[in-house]
Amino acid sequence: MRLGRTLKRHALWILAFAVLLSVATFVLSSLQTPVYQASTRLLAAQSNVLSGSNLLGTVPASALIDAGAYREAALSNLVLGRTLKAAGLGTTPRDLERFARSSRVRTVEGKNSNVIILSVRNPDPDRAAEIANIWARSLSQWDDERVRGSFGNFRESLEAQLAVVSGQINQTTNRSDENLASLQTLRASLLRDIDLMRALERSATGQLSLIDRAVSPSRPASPRPLLYAVVAFLLGLTLAVGLVLMREAGVRSVRNADEAFSLTSLPLLGEFPEMPAGAGRTLSPEVASYLDINVTHTIAGGNPRIIAITSPAALEGKSSVAISLARACARAGKLTLLIDLNSRKPVLHKEFSITQSQDIVSALVNLPRVLPQPTLVENNLYVIPCLQPLENPPRLLSELFRPFITHLKESGQYDMIIIDTPPVLSVTDTLIMAPYVSGVLMVVREGQTDRRQLRTALEILKRVGAQTLGLVMNRVRESQTLPKPDKVYEGSSRSTGIFKPRLEEKS
């Protein structure tokens, strides 16, 4: 499922890469010089020339030669040299090697016969056919010489036997001896066999016979631009997909809202766009209002709604989101309390310029003797800052946070309580508080939040019994899920995904 989303997200790039590679291959192959291939076929069948003969010994060349032997013979220096010489080409070792690389020998093996296919490539189609036919003749000539040589060897063997018999006849002194008559008969038989071998040696042919002569091809064998383009397109798709997957495997950060959802299956409750440099903690108020609506409808009833804002790691913008959400709730007419429990690195007192007031440490330690006294900073918005670091925050929160939050619930004074908490994976403070709030918002910074850390943080929150309401994307370059502004609405230079107030009509 995640793989499908990844490929869908990069589909345009993958397709463009494949098309570009296909077009480039088509153009480059079209510019190449066409090469034509001509082929000739030879049949190698078992010889039956001397079957049933009563000649002495075993007649050679009567068995079918293996097709591989013909292939090696066709590529031998002897046959190739004759072919190139007859074709008027060079016969140096380099010429032989070049011709062997550019030519092809195929064999089709049968039970009693084999087919030898010789193919030659050349820019000139007529020349390709001519050389292929010369090559076939050279191979047939070699086969004929092989068979004739076998008969010649057999003839020489008979002549050697004849010399022995003649010597025995000359040494016989008794002309009436029966052995002499037998030797003379054998001599006469050898003379007949020798005459026959001489006749066969002059006229015998090999096992090869021509099936098809090579003809001039009408279409080039290469290049084939259309075929190459199709293959390049398919290879381009495969290569592009492989590059995308390799890139995905090397990316550790969450890159957009779709990816965050695929990793967590949690709803996206807001997307804060990337703000200009120098904007500080100011985030889009429209997106904050959108987030307020989503959070309100996500939590089923209950008053007050207590929301903890956290993130997997530091520097992901959770404090900015907490401040923006609190201001949005206050603008919506909800009495809102913003609490800074990010005691390791507090920021709320700086944002609202609070230097003297009851802080969170006093509120926790002095309850119930002294009730919390938040500072009113804006209309409907109260803040309990953190002006001094907590000593041993895990112990203090474990003992005091539950009665503190219970008091705020029972007082019924506030509609919304928002708590800025430390990152989940940095310290244990958030894990102590999370089970006692209505829900947790996980802030994810686009391009920075680590995928593995995000999954780990959510798993830890689930393990302690916290309810994670959803995700809030921060520093989003372009919204992936929220609607774009309509032309009749006032918009900024960057889309936030939220409709802006309508422009007043000119009179």
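Numbers below:
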{"item": "In Å², nearest 10: area of L283 left accessible to a 1.4 Å probe", "result": "20 Å²"}
{"item": "At 1.002 mPa s and 20 °C, Stokes D of the chain from Kirkwood alpha-carbon radius, µm² per second", "result": "67 µm²/s"}
{"item": "Estimated dipole of region 62-123 in Debye, rounded to 20 [Cβ of Lys and Arg +1, of Asp and Glu -1, Cα centre]", "result": "220 debye"}
{"item": "Coarse-grained scattering of region 375-484 at q = 0.18 Å⁻¹, given as base-10 log I(q)/I(0) from a Debye sum over alpha-carbon atoms", "result": "-1.10"}
{"item": "Full-extension gain in nm, I293 to L266, via 0.36 nm per residue minus C-alpha separation", "result": "8.0 nm"}
{"item": "Accessible area in the full protein assembly, largest first, 1.4 Å probe, for S319, S265", "result": "S265, S319"}
{"item": "Neighbour-limited loop hits for trypsin sites (Lys or Arg not before Pro), region 208-277 (at most 13 other Cβ within 10 Å; DSSP other than H, G, I, E, B)", "result": "R213, R252"}
{"item": "For R445, residues with placed amide H under 5 Å, excluding near neighbours", "result": "N474"}
{"item": "Förster radius 22 Å - calculated FRET efficiency between S166 and S203 (Cβ-Cβ, nearest 0.05)", "result": "0.20"}
{"item": "Size of electric dipole in region 295-423: Cβ of Lys, Arg +1 and of Asp, Glu -1, about Cα centre, debye, nearest 20", "result": "120 debye"}
{"item": "Inter-probe distance in nm under a simple model that places probes 7 Å from Cα toward Cβ, at D126 and E178", "result": "7.6 nm"}
{"item": "Coil-residue trypsin sites (Lys or Arg not before Pro) of region 115-181, DSSP, other Cβ within 10 Å capped at 16", "result": "R175"}
{"item": "Mean accessible surface per residue for the chain, computed with a 1.4 Å probe while every protein chain stays in place, in Å²", "result": "53 Å²"}
{"item": "Most positive-pole-ward Cα, M197, A160, P125, against dipole of the chain from beta carbon charges", "result": "P125"}
{"item": "Fraction of beta bridges assigned by DSSP in the chain that are antiparallel (%, nearest 5)", "result": "50 percent"}
{"item": "FRET efficiency estimate (nearest 0.05) - Cβ-Cβ, A100 to L245, R0 60 angstrom", "result": "0.90"}
{"item": "Low-density loop positions, GluC sites (Glu not before Pro), region 367-434 - DSSP coil, at most 13 other Cβ in 10 Å", "result": "E391"}
{"item": "Mean Kyte hydropathy of 1.0 or more with a Cα span along the axis of at least 27 Å, helices from DSSP in the chain", "result": "11-30, 225-250"}
{"item": "Percent accessible area from carbon and sulfur atoms, region 281-344, protein chains only, probe 1.4 Å", "result": "56 percent"}
{"item": "Expected 222 nm ellipticity per residue - DSSP helices of 4 or more, -39500 (n - 2.57), all of the chain, to 500", "result": "-15500 deg cm²/dmol"}
{"item": "With all protein chains modelled, accessible area of L431 [1.4 Å, Å²]", "result": "40 Å²"}
{"item": "Two-site FRET efficiency, N303 against R463, from Cβ-Cβ distance with R₀ of 30 Å, rounded to 0.05", "result": "0.60"}
{"item": "Dipole axis of the chain (+1 Lys, Arg; -1 Asp, Glu on Cβ), positive-most option in V464, L43, N256", "result": "N256"}
{"item": "Relative contact order computed over the chain (Cα-Cα under 8 Å; 6+ residues apart), in percent", "result": "17 percent"}
{"item": "Calculated over region 261-308: convex hull of Cα atoms, volume per residue (Å³)", "result": "114 Å³"}
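The values are calculated or read from the model by the stated rules, or taken from the named source; none is laboratory data. All of these numbers come straight from a predicted model, not from anything done at the bench. Backbone-built Cβ (ideal geometry, glycine too); neighbour counts: all protein chains shown. Ligands, DNA and RNA are stripped out before the accessible areas are found, and what is left, the full protein with its side chains, is counted by its heavy atoms. Shrake-Rupley method; radii C 1.70, N 1.55, O 1.52, S 1.80 Å.
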